[in-house]
Every structure is written in structure tokens, then in C-alpha cells.
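**Q** What follows is a structure written as C-alpha cells; I'll ask about it next.
Just so you know, all these numbers are worked out from the coordinates, no wet-lab data involved. Just so you know, these numbers come straight off a predicted model, no measurement behind them. Cβ: placed from backbone, ideal geometry, glycine included. Neighbour counts: every protein chain shown.
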There are 2 protein chains.
Amino acid sequence: MLMPTAYDTLLGLIREMGQLESVESVLDWDQETFMPPNGLPARAEQLSLIAGLVHERRTHSKVGELLAQLDGQGDFAQAANVREMRRTYERATKVPTDLVRRISKVSALAKAAWVDARSSSNFTAFAPHLAELLELKREVADRVGYQGERYDALLDEYEPGATATEVATTFAALRQPLSEFVRELAAAKRQPDPSILTRHVPRAAQERLSHRLAEAIGFDFQSGRIDVSVHPFCSGTTPGDVRLTTRYLENFFPSAIFGTLHEAGHGLYEQGLDPAHVFTPMGHAVSLGIHESQSRMWENFVGRSRPFWEHFYPDALKLFTSLADVSLDAFVAAINIVRPSLIRVEADEVTYNLHIILRFEMERELIGGKLPVKDVPAAWNAKFKELLGITPPNDRAGCLQDIHWSMGAFGYFPTYALGNLYAAKFFASIRKAIPDLDDRLRRGEFRTLLDWLRTNIHRHGQRYRAGELVQVVTGAPLSIDPFMTYVRTKFSAIYGL
Amino acid sequence: MLMPTAYDTLLGLIREMGQLESVESVLDWDQETFMPPNGLPARAEQLSLIAGLVHERRTHSKVGELLAQLDGQGDFAQAANVREMRRTYERATKVPTDLVRRISKVSALAKAAWVDARSSSNFTAFAPHLAELLELKREVADRVGYQGERYDALLDEYEPGATATEVATTFAALRQPLSEFVRELAAAKRQPDPSILTRHVPRAAQERLSHRLAEAIGFDFQSGRIDVSVHPFCSGTTPGDVRLTTRYLENFFPSAIFGTLHEAGHGLYEQGLDPAHVFTPMGHAVSLGIHESQSRMWENFVGRSRPFWEHFYPDALKLFTSLADVSLDAFVAAINIVRPSLIRVEADEVTYNLHIILRFEMERELIGGKLPVKDVPAAWNAKFKELLGITPPNDRAGCLQDIHWSMGAFGYFPTYALGNLYAAKFFASIRKAIPDLDDRLRRGEFRTLLDWLRTNIHRHGQRYRAGELVQVVTGAPLSIDPFMTYVRTKFSAIYGL
């Protein structure tokens with residue numbers, strides 16, 4: 001009988017953690033979709049138990065011993081799994097359980113305070129909670145350790161390997177040209193008619209078209225499903241079981257159509273992960289930013305393109321009868337309307353990154369102690385005016401709009417904008433690799449694009465970190481140029497610039 | 001700081017086991033309802049992991065130590081929790097892991113062999129697997145231990161505390177009068193018209209009525225839901241989260257209507273368990289037999305009664321338009337048709353127990369080594385003729401019809417008939433406690449009945465074993481008289497005897 005190697009043993013533990021996390025996913029998904037309301041207290045106990053079991057395994061001394069034996073050995077899959085397990089183990093063991101519990105308690109109170117503060121539009125009521133969370137998160141950063149600045153340790157939780165300096169450099173390059181381009185579009189003579197988007201479309205028709213689009217781009221209903229939840233999400237347990245949600249607003253169909261395409265983009269990534277590496281980092285998405293690149297690509301680069309609707313619009317009209325008098329051009333213009341607006345989650349693909357730049361700059365200063373908590377509303381409003389040209393009328397529509405800070409999730413926001421930039425960078429490479437891409441989209445042929453993504457991105461799992469993946473796939477590091485070129489080309493055409 | 005008592009520590013472990021089992025329930029439910037087909041391999045890994053975690057806890061040496069300290073202490077809740085934990089611990093530790101694994105492996109093969117054997121109606125192909133399972137289950141019985149006979153140790157798994165002798169005595173008393181009554185009904189001049197039951201009723205109408213009936217009898221949709229699965233079941237995670245399934249056959253509406261009432265009966269039991277004792281034996285159903293008493297009571301004693309349909313039939317006709325010309329009496333007669341038939345799961349409430357008596361007598365002899373496996377088909381057919389007056393044309397419609405033996409579930413069948421007998425016994429007490437019950441049913445008032453069940457049965461959890469519960473609630477031990485009186489009264493009226 002052969003003795004299992006140290007790596008076999010570690011892999012067994014990693015897989016067990018992965019299985020427990022996949023159980024958490026099922027429970028979370030169920031809670032948001034089908035769980036009856038009175039199931040909540042028991043669900044909280046179940047989730048807390050499973051989270052405890054995961055934590056026990058993550059921090060088990062055996063893992064530390066095995067990791068010490070495994071430095072730099074094995075093939076690339078082993079190297080990636082060991083690297084990521086080391087990162088997880090180190091983060092988990094460096095942060096004491098007591099600190100984790102304090103954060104969990106403080107953020108539960110902060111979340112409740114944020115709900116109240118937002119509804120009364122009164123930042124002052126939320127301020128002490130934010131201050132406390134910032135203090136605790138600084139402690140986390142100090143425990144975890146960092147090379148550049150504290151913010152790096154927090155950002156690393158969502159975008160492993162990324163640094164505040166890199167992100168800041170990228171965003172600094174982006175803020176000015178993007179902000180100016182938004183002003184150019186606002187001044188254009190040709191403007192889309194947004195009233196098209198609020199025409200009544202019955203729920204059943206929206207559901208039929210959403211599902212049809214998801215299936216057309218390659219979402220496999222044998223390995224996934226689409227249900228309804230208040231906030232759409234994608235829950236990927238394993239490549240064979242990926243659950244999306246969407247929502248249907250009868251007076252705003254883009255919510256369902258583009259929400260579904262967005263989540264299906266996440267879902268295609270999850271379905272494309274290598275099943276041979278299920279429950280291990282090699283079978284896991286790279287980062288939130290890379291995940292977002294996939295959802296944004298299918299939602300915006302493909303799903304809001306003219307070629308895409310050249311294929312689907314005639315069919316869509318059979319279902320969306322209230323749009324019968326709307327031309328293809330008017331429709332494409334309407335779904336691509338660019339308008340500086342107050343709320344991030346409602347922002348278009350051009351202004352969206354400006355919302356993120358604002359949050360990144362502010363939370364970096366907050367963690368760094370350069371921005372006092374009490375000055376948040378004023379700083380928010382000034383930055384908003386600078387970046388988007390408008391001033392929020394109150395805190396509810398300003399610095400209190402997002403839940404993230406109340407959960408202590410500092411370092412999460414940049415991944416949204418990185419997703420857009422990664423998507424543009426990948427898409428530029430895709431256009432070179434598939435020169436007739438637009439013709440394919442016009443024919444409803446998405447397989448070639450999906451195959452490219454499968455081969456170049458999905459199948460790798462966590463073989464590479466995000467920055468490295470961009471380098472390997474596109475031959476160059478991330479830059480803002482592909483994104484600026486993409487938006488300039490696309491929106492100049494729509495706005496007749 | 002107070003030291004936790006031994007009981008507090010044990011209770012913590014019990015609750016953790018209960019939470020893990022409730023996670024298993026959610027995963028099982030999801031697998032049968034919404035899981036996409038390709039989710040199966042990962043689901044198997046998740047379930048196997050959770051089962052392993054439960055087993056580790058059940059057999060943990062700490063549990064044994066705590067149990068040793070706790071003999072006979074505390075209030076009745078503590079006494080019940082300790083008693084049931086001791087039973088679980090002893091069963092789990094007495095059966096070696098290797099034997100559990102062998103059974104699991106052999107029964108996986110046996111199940112596959114049974115599927116094939118059934119489809120070719122060839123018992124011989126299944127016989128060696130059955131013999132192997134019987135041998136393994138005899139070993140389990142020997143390990144677990146028993147006072148009377150081996151079968152007791154197996155029966156105890158499903159109906160804790162019941163013995164083969166008790167069950168045999170009860171069934172021996174029942175078989176003759178019940179068999180004769182079936183013959184009397186068959187000879188009656190007035191016979192129901194079964195063709196009513198196969199009239200076409202659209203799925204939507206069946207769904208609407210089923211849900212309405214479930215809600216009317218008290219099933220709380222804030223604490224549960226009804227979905228669709230191939231084989232209907234009730235999965236009770238906690239009193240706040242009880243999931244039923246049903247199925248809709250457009251050419252056989254009783255499947256949905258009475259299937260839903262049956263599962264809702266299980267569901268009312270689960271929703272009525274004491275939430276203060278969630279995740280512990282005191283918050284758990286007594287036994288399969290008592291569970292079945294609740295489902296059978298709502299399905300048959302209430303749901304197939306004339307007063308019930310006096311209330312609901314006019315409304316039902318608005319949905320079930322194909323029954324427009326069917327009188328209330330003809331409808332009530334049709335849903336209560338009694339006919340000796342080959343298949344247990346399709347049997348009516350009078351003949352049903354005869355199917356069970358046959359299985360109990362045979363499996364007791366099989367475990368006892370008195371019936372050779374090769375003689376099963378002949379023995380089955382002879383007994384069938386004796387009890388039901390007909391002879392199965394082949395093994396598929398005879399001894400190969402049920403999955404239970406292929407899973408090694410010997411001792412399970414009797415709980416179905418016990419459920420009917422318990423139900424009749426409880427119902428006789430209920431009629432005394434609520435003399436105007438029929439008037440209440442006629443008014444659609446189910447609250448008084450449900451309150452009685454809540455107080456006298458549901459709330460107790462596992463405070464009592466089944467036999468003891470019957471004694472406490474009805475003042476006398478189980479007997480067949482209430483059941484025989486119930487069927488004689490009800491069916492004599494319907495058949496005009």
C-alpha cells in the first residue's frame with residue numbers, strides 16, 4: 001500500500017474545504033430563492049456551523065505542516081493549489097478568531113445602522129460604526145501584513161496580488177479622459193430616447209427572452225438554472241451546478257435582459273472551470289475582477305452591441321410587442337444611453353467606472369487615515385461633482401447608497417472597474433483572434449467566442465493571478481487604452497460624434 | 001464564569017448533529033426538486049462528506065463519556081434527549097464502520113440489480129443480492145443486540161422500542177377480519193364508479209386546489225412550501241422550514257390531491273414540533289409509524305371523508321370542471337373505492353394493511369432464516385392469494401415491486417400499517433374530545449383538530465416512544481379495534497352494507 005504524499009493529504013483537506021464551501025453556496029442560494037421566511041433562524045445556524053467547519057480546516061495545524069513540506073514542488077496545478085492554500089492559511093491564521101468575531105458583531109450592528117441612516121439620509125448616525133469598522137479593518141491589515149500600504153492587505157482579499165498603487169495608477173490614467181468623454185457625449189446633438197426602456201413588457205415575455213438569450217450564448221441548463229431573487233446573483237457550486245438569478249420589472253425590461261446576460265456571463269465562467277479540479281483553487285475563478293470581466297463582456301461588449309441585436313431584435317419584437325414601432329437603431333441607442341447619474345448600480349458602462357474611482361480613492365484615504373470619517377459626505381459630493389458633473393442632493397443618494405462599507409468590505413469596489421478594464425483588454429485580443437467576430441454575433445454564433453474564453457481564461461482556474469493572466473492571454477499588462485478605445489468607438493457611433 | 005454541565009456539552013453536540021442532518025435534508029430536497037442534472041456528482045460528494053461529519057459526532061468518545069455521567073438525571077426533556085442520544089450512540093458505535101461500508105456497497109449493487117430484475121421480471125437475478133443483504137443485516141442485528149429476535153434490532157431503527165412479537169400479535173389479529181371485510185365490500189351490490197378518477201383535470205387546477213386544501217388544514221406557507229418531484233415526500237428541516245412535494249397527473253387527479261394532503265399531514269407534524277427543542281430529539285418526530293399516523297389521518301380520515309368534501313366539493317367543481325355532472329356521493333364513493341390490487345403504493349386504505357402484513361411476515365421469516373430466498377416468489381404469491389384473493393401474474397407485479405429490500409431496509413414496512421392503526425386509535429380519542437368534529441369539518445374548520453394534534457402529539461417530540469405515546473394520549477395500548485370500527489363504519493356506509 002502506497003503512503004499518500006504530503007500533497008495528496010493536503011489536496012484531500014482542500015477538497016473537503018471546497019465541498020463545505022459548495023454546501024454554503026447551496027444554502028445561500030436557497031435562502032435567496034426558495035426558503036420560506038420562517039426558515040431564517042435555522043438557516044443562520046446551519047451557515048454558522050458550516051463556516052466554523054471551514055475555518056477549522058483552513059487554520060488546522062496539519063495544513064501548516066503540510067505546506068512547509070511542499071514549497072515549490074510538483075506540476076503547475078500542484079504549485080497553484082499549494083500557493084492558494086498557503087495564502088488562505090496565512091490570512092486565516094494571522095487574523096485571530098476574536099478579531100473575526102468582533103468584526104462580525106460590529107458589522108451586523110453597522111449594517112442595521114446603515115439601513116436606518118440611509119432611510120433617514122443621515123450620515124452622522126452611521127459615522128461611528130464606519131469609524132469602528134475602519135479601525136478593525138486596519139487591525140486586520142496589520143495582522144495580515146502588506147508591502148506597500150494597509151489597503152493592499154484588504155484589496156488582496158478580493159483581488160489576490162493586486163496593489164493599491166497599481167490600481168491607483170490605472171484609475172488616475174482613466175479618470176480624466178473618461179470624465180471628459182462623458183461630457184462630450186452629454187453635449188452630442190444626437191441623443192437616445194430613454195422612454196423606450198420603460199415601456200410595459202409582460203413578465204412572461206421577459207422571462208422567455210432572457211432564458212433564450214442565456215441559452216444562445218451557451219449557458220447550459222443541464223448544468224444550471226435561472227430563478228428569481230431580489231438582488232440578482234450567480235452562485236457557482238461546481239461546473240455542473242451553476243445557479244443564476246434575475247428579476248423582472250414590467251416597466252423596465254433592461255433589468256431582466258441585461259441582468260440575465262450579466263449573471264450568465266458569470267455562469268459561463270463557472271461552467272467553464274475544469275471539472276477535474278473541482279473543489280480546489282485550480283477549479284476556482286481567479287478573482288472578483290476577472291469574474292466581473294466575464295459578466296461585463298457578455299452583458300455589455302456582446303449583449304449591448306448592434307450585431308447582437310441585429311440577430312435577436314426581430315425575435316425579441318415578437319415577444320416585446322410594445323416595442324413594435326421602435327427601430328433597431330433606436331433600440332440599440334436606448335440600451336446604450338450614457339448619463340451621469342447618482343446611483344452606481346444604475347450607471348451605464350461609460351460612467352460606471354467613475355463611480356468606482358470615487359469609492360476607491362475615498363476608501364483608500366479612509367483606511368490610510370487621511371480622510372476623517374466625518375468629512376465623508378463633503379468629500380463624496382465634491383468628488384462626485386468633479387467626476388460626474390453633478391452633486392448628490394442628499395446622503396442617501398450619495399455616500400450612503402452602497403451596503404459594502406457597512407459590511408467592512410473595503411477593497412471590494414475596485415474589482416468592478418477592474419472587471420470592465422480586463423474585459424476590454426481581453427476583448428481587444430479576441431477581436432484579433434476572431435477577426436469576423438461581429439459577423440458571427442450577427443448570425444447568433446457565440447461558440448467561437450465562448451471557446452476562446454474557455455481555452456484562454458476559464459480552464460485555467462487559479463493557475464495564474466489576475467495580472468499574470470492578463471499578461472499571458474494578451475501579451476501585455478493591463479492598461480486603460482483598450483477600454484477607452486472601445487467606449488470611444490462604440491459610443492461615438494451611437495451618439496454621432 | 002460558570003462551567004458548562006455535562007448535559008450542556010452533550011446538548012451542544014446533539015444540536016450540531018441535528019444541524020448537520022438538517023443541511024442533509026436541504027441538499028436532499030434540492031436534489032429531488034431543483035438541482036440541474038449535472039449537479040449530481042458534486043451533490044454525492046457533499047452528502048457523503050456531511051454524512052461522515054454526522055457519523056464522527058455520533059460515535060465520538062466524548063459522547064460516550066458524557067452519556068456515562070448523565071444516567072437518569074434532569075427533567076423530562078433532558079431525560080428524553082439523553083435516552084435518544086444513547087440509542088443513537090450505541091447503534092452507531094456497535095456497528096463497525098467497515099460493516100456500514102459493506103452494506104452501502106452491497107446495497108448499491110443490489111439496487112441496480114433490483115432495477116434490472118424488476119424490468120425483466122426475473123427474481124432469480126436479484127436473489128443473490130437479497131441473500132447477501134440479509135446476511136449483512138443479520139450481522140447488524142447481532143452487533144446491535146436484541147432481547148427477542150434479530151428482527152427487533154432492525155425494526156428498532158424505524159420504530160424505536162417496537163418488537164416483532166408485538167407487531168406480529170397486532171397484525172395476526174388484523175389479517176383475518178380485514179381480509180374478510182375486503183371480500184364483503186367486493187360482494188356489495190353498490191359499487192363506486194372508478195372512471196370518475198381518470199377524467200382529465202388540468203395541472204393548474206390540481207395545483208390550485210391542492211395548495212388551497214393544504215393551506216385550509218393548516219399548512220403554513222410562511223414555514224414551508226410545496227414543489228414537484230417524481231416521488232412525493234416531506235422534508236422537515238425545522239418547524240420553520242418544511243418542504244413538501246407532490247406530482248400532477250392530468251388523467252388521475254387523486255395523485256395530487258391526496259398526495260398533497262398526505263404530505264401536508266407529515267408537514268403539519270413537522271411544523272408543530274417544539275421550536276425550543278429544534279435540532280434535538282425533543283424537537284424530533286417520534287418514529288416513522290407516528291409520522292405516518294399524521295399523514296394518513298389527514299389524507300384518509302379527514303381528506304377522504306364525506307364532511308370534508310361537503311365543504312370543499314362545490315369549490316372544487318369550479319376548478320375541476322370535467323366533474324360537473326358528478327354528485328358529491330359519487331365523488332366520495334370514487335375516492336374511497338376498495339379493490340384488491342397488486343401494487344402496494346396504489347392500494348386503498350382498507351387493503352393497504354394487507355400488503356404490509358404480507359411483507360412483514362415474509363421479511364421476519366427471511367431475517368429469521370425460516371424462509372429461503374429462492375422461495376420468495378412462491379411464498380409471496382401464496383400469501384397474496386390468501387390475503388387479497390388474487391395472484392400476481394409475475395414477479396414485477398409481485399415480490400419485486402418495492403425498492404425497500406434492495407436497500408437493506410428490513411423493518412421499514414410495518415411502520416406504514418402501524419401508522420394506519422395509530423391514526424385510527426388517535427382518531428377515536430379525537431372523536432371523544434371533539435364530539436362535533438364532523439360539523440367542524442363540514443364548515444372547513446380544522447383548527448380544533450390541529451390544536452388537539454399539536455398539544456397531544458406534535459409538541460411532545462420524542463418525549464415518549466410510540467407505544468408509550470399511544471398509552472398516554474388514548475389511555476390504552478394500541479389495538480386493532482379502532483381501525484376495524486373506523487373502516488367498517490365508513491365503508492359500510494359507502495358500499496351500502
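**Q** Apply the Karplus parameterisation 6.51 cos²θ - 1.76 cosθ + 1.60, with θ equal to phi minus 60°, to every residue of the range B:77-87 and state each ³J(HN,Hα) to the nearest whole Hz, in sequence, with x for glycine and proline.
**A** 5, 4, 4, 5, 4, 5, 4, 6, 5, 5, 4
**Q** Looking only at chain A, where both bridge partners belong to it, what percent of the DSSP beta bridges are antiparallel (to the nearest 5)? Don't skip to the end; give the middle numbers.
**A** On the way: 4 of 9 bridges.
Among the beta bridges of chain A, antiparallel pairing accounts for roughly 45 percent.
**Q** Another question, if that's okay. Computed on alpha carbon atoms, what radius of gyration and Dmax characterise the range B:54-122, expressed in Å?
**A** My reading of the Cα-based Rg and Dmax gives 18.5, 57 Å.
**Q** What per residue convex hull volume, in Å³, comes out for the range B:282-433 when only alpha-carbon positions are used? The partial results should precede the final answer.
**A** On the way: hull volume 26.7 nm³, N = 152.
Looking at the range B:282-433, the number lands at 175 Å³ per residue.
**Q** Let me ask you something else. Dividing the convex hull volume of the Cα atoms of the protein assembly as shown by its residue count, what figure in Å³ per residue is obtained? Intermediate values should be presented prior to the final figure.
**A** Values: hull volume 200.0 nm³, N = 994.
So the per-residue hull volume is 201 Å³.
**Q** Starting from a Cα-only point model with no solvent, please compute log10 I(q)/I(0) by Debye for the range B:253-301 at q = 0.28, 0.32 1/Å.
**A** At q = 0.28, 0.32 Å⁻¹ the computed log10 ratios are -0.96, -1.10.
**Q** Please compute one quarter of the surface area of the Cα convex hull for the range A:421-485 and express it in square nanometres. Can you show the working numbers first?
**A** On the way: hull surface 17.6 nm².
Hull-based average projected area comes out at 4.4 nm².
**Q** Additional query: Give, in nm to one decimal, the length gained when the segment between A:R488 and A:I434 is fully stretched (0.36 nm per residue of separation minus the Cα-Cα distance). It would help to have the intermediate numbers written out before the result.
**A** Working: separation 54, 0.36 × 54 = 19.44 nm, distance 2.10 nm.
That pair, A:R488 and A:I434, stretches by 17.3 nm at full extension.
**Q** Same structure, new question: Å³ per residue of the Cα convex hull, for the range A:213-303?
**A** Measuring per residue, one finds 88 Å³ for the Cα hull of the range A:213-303.
**Q** Using only alpha-carbon positions, what ratio does the radius of gyration of the range A:378-497 give when scaled by 2.2 N^0.38 Å?
**A** Normalised Cα radius of gyration, the range A:378-497: 1.36.
**Q** So for the pair A:V345, B:D227, with labels modelled 7 Å out along Cα→Cβ, what separation do we get in nm?
**A** A separation of 2.5 nm, rounded to one decimal place.
**Q** For the protein assembly as shown, give the magnitude of the charge dipole about the Cα centre (Cβ charges: +1 Lys/Arg, -1 Asp/Glu; no others), in debye to the nearest 20.
**A** Details: 112 positive and 122 negative charges, 173 e Å.
My answer is approximately 820 debye.
**Q** Shifting gears a bit: Starting from one equal scatterer on each C-alpha and no solvent at all, send me the Debye-based log10 I(q)/I(0) for the range A:129-198 at q = 0.15, 0.21, 0.23 Å⁻¹, two decimals.
**A** Values, matching the q order: -0.69, -0.89, -0.99.
**Q** If you don't mind, there's one more thing I want to ask. Normalised by the residues of the range B:148-306, what does the relative contact order come to in percent, with Cα pairs under 8 Å and at least six apart?
**A** Relative contact order, the range B:148-306: 19 percent.
**Q** What is the spin-label model distance, in nm, from A:R447 to B:T321 if the labels are put 7 Å beyond Cα along the C-beta direction?
**A** It works out to 4.6 nm between the two label points.
**Q** Can you sort A:T169, A:T33 from fewest to most other Cβ atoms within 10 Å of each residue's own Cβ? Write down the numbers at each step before the final one.
**A** Numbers: A:T169 12, A:T33 17.
Sorted ascending by nearby Cβ count, the order is A:T169, A:T33.
**Q** With θ taken as phi - 60° and the coefficients 6.51, -1.76 and 1.60, list the Karplus ³J(HN,Hα) couplings across the range A:369-376 in order, rounded to whole Hz; mark glycine and proline as x.
**A** x, 8, 10, x, 3, 4, 8, 4
**Q** OK, next. Label-to-label distances across copies for B:A51, with labels 7 Å out along Cα→Cβ, in nm, shortest first?
**A** Values, ascending and in nm: 2.9.
**Q** Once you place label points 7 Å from the Cα toward the Cβ at B:E139 and B:E468, how far apart are they in nm?
**A** Spacing of the two 7 Å Cα→Cβ label points: 3.4 nm.
**Q** Where the eigenvalues come from the Cα gyration tensor of the range A:22-145, what are the semi-axes √(5λ) of the equivalent ellipsoid, largest first, in whole Å?
**A** Details: eigenvalues 223, 97, 31 Å².
Taking √(5λ) for each eigenvalue gives 33, 22, 12 Å, largest first.
**Q** For chain A, calculate the relative contact order in percent as a whole number, restricting contacts to Cα pairs under 8 Å that are 6 or more residues apart.
**A** Details: 708 pairs, mean separation 101.9, N = 497.
Across chain A, relative contact order equals 20 percent.
**Q** What are the label-to-label distances in nm, one decimal and shortest first, from A:Q222 to the same spot in the other copies, with labels 7 Å along Cα to Cβ?
**A** Nearest first, the other copies' label points are 4.4 nm away.
**Q** Would you mind calculating the relative contact order of the range B:414-497 from Cα pairs under 8 angstrom and at least 6 residues apart, reporting the percent as a whole number? Write out the running numbers ahead of the final one.
**A** Details: 41 pairs, mean separation 35.2, N = 84.
Contact order relative to length: 42 percent.
**Q** Another question, then. When a footprinting reagent is the concern and you count Cβ atoms within 10 Å, what order do A:F360, B:F331 take, fewest first? Write out the running numbers ahead of the final one.
**A** Values: A:F360 26, B:F331 21.
Final ranking by Cβ density, sparse to dense: B:F331, A:F360.
**Q** With only alpha-carbon atoms counted, please give the Rg and Dmax of the range A:79-236, in Å.
**A** Radius of gyration, then largest Cα-Cα span, for the range A:79-236: 22.5, 59 Å.
**Q** Compute the label-point distances linking B:R247 to its equivalents in the other copies; points lie 7 Å from Cα along Cα→Cβ; give nm, one decimal, shortest first.
**A** Computed spacing set for this position: 3.6 nm.
**Q** Hey, could you pull the Cα Rg and Dmax for the range B:6-94, both in Å?
**A** 15.8, 50
**Q** May I ask you to sort B:T485, A:T489 by Cβ crowding, counting other Cβ atoms within 10 Å and putting the fewest first?
**A** On the way: B:T485 12, A:T489 9.
The most exposed by this proxy come first: A:T489, B:T485.
**Q** Then there's this: Distances over 21 Å make up what percent of all Cα-Cα pairs in the range A:81-152?
**A** On the way: 1025 of 2556 pairs.
Result: 40 percent of Cα pairs exceed 21 Å.
**Q** Further, regarding this structure: Please list 3J(HN,Hα) in residue order for the range B:315-330, calculated via the Karplus relation 6.51 cos²θ - 1.76 cosθ + 1.60 where θ = phi - 60°; whole Hz, with x for glycine and proline.
**A** Per residue, the Karplus-derived 3J(HN,Hα) values read 5, 4, 5, 5, 8, 9, 5, 5, 9, 3, 8, 8, 6, 4, 4, 5 Hz.
**Q** Applying 1/(1 + (r/R0)^6) with R0 = 45 Å to the Cβ-Cβ distance of B:A216 and A:E180, what FRET efficiency is obtained, to the nearest 0.05? Mind showing how you got there, number by number?
**A** Numbers: r = 65 Å, r/R0 = 1.45.
My answer for the efficiency is 0.10.
**Q** Which listed residue (B:Q19, B:V54, B:G39) has the Cα farthest towards the positive end of the charge dipole for the range B:6-94, taking +1 on Lys and Arg C-beta and -1 on Asp and Glu C-beta about the Cα centre?
**A** Most positive-ward Cα: B:V54.
**Q** Would you calculate a helix-derived [θ] at 222 nm for the protein assembly as shown, using -39,500 (n - 2.57) for each DSSP H run of n ≥ 4 and dividing by the full residue count, to the nearest 500?
**A** One gets -20500 deg cm²/dmol as the mean residue ellipticity at 222 nm.
**Q** What is the mean projected area of the alpha carbon convex hull for chain A, to one decimal in square nanometres? Numbers along the way, then the final one.
**A** Details: hull surface 95.7 nm².
Average projection, Cα convex hull of chain A: 23.9 nm².
**Q** In addition: Taking 22 Å as R0, compute the FRET efficiency from the Cβ-Cβ separation of A:V100 and B:H60 and round it to 0.05.
**A** Working: r = 26 Å, r/R0 = 1.17.
According to the calculation, E is roughly 0.30.
**Q** So in the protein assembly as shown, what percent of DSSP beta bridges are antiparallel if you round to the nearest 5? Write out the running numbers ahead of the final one.
**A** Working: 8 of 18 bridges.
Beta bridges within the protein assembly as shown, antiparallel portion: roughly 45 percent.
**Q** Output the pairs from A:K425/A:K490; A:K105/B:K62; B:K62/B:K94 with a Cα-Cα distance over 23 Å in this structure; if there are none, say none. Let's see the in-between values first.
**A** Details: A:K425/A:K490 15 Å; A:K105/B:K62 31 Å; B:K62/B:K94 16 Å.
Table pairs above 23 Å Cα-Cα are A:K105/B:K62.
**Q** Do any GluC sites (Glu not before Pro) in the range A:1-103 lie in a DSSP loop with no more than 10 other beta carbon atoms within 10 Å, and if so, which? Mind dumping the intermediate values first?
**A** Working: sites: A:E16, A:E21, A:E24, A:E32, A:E45, A:E56, A:E65, A:E84, A:E90; in loops: none.
Loop-located and lightly packed - none at all.
**Q** Where does the charge balance sit around B:T170 when Lys and Arg score +1, Asp and Glu -1, over other residues with C-beta under 14 Å from its C-beta? Show your work: numbers first, answer last.
**A** Numbers: positive: B:R175, B:R364, B:K425; negative: B:E159, B:E166, B:E361, B:D481.
Net charge in that neighbourhood comes out at -1.
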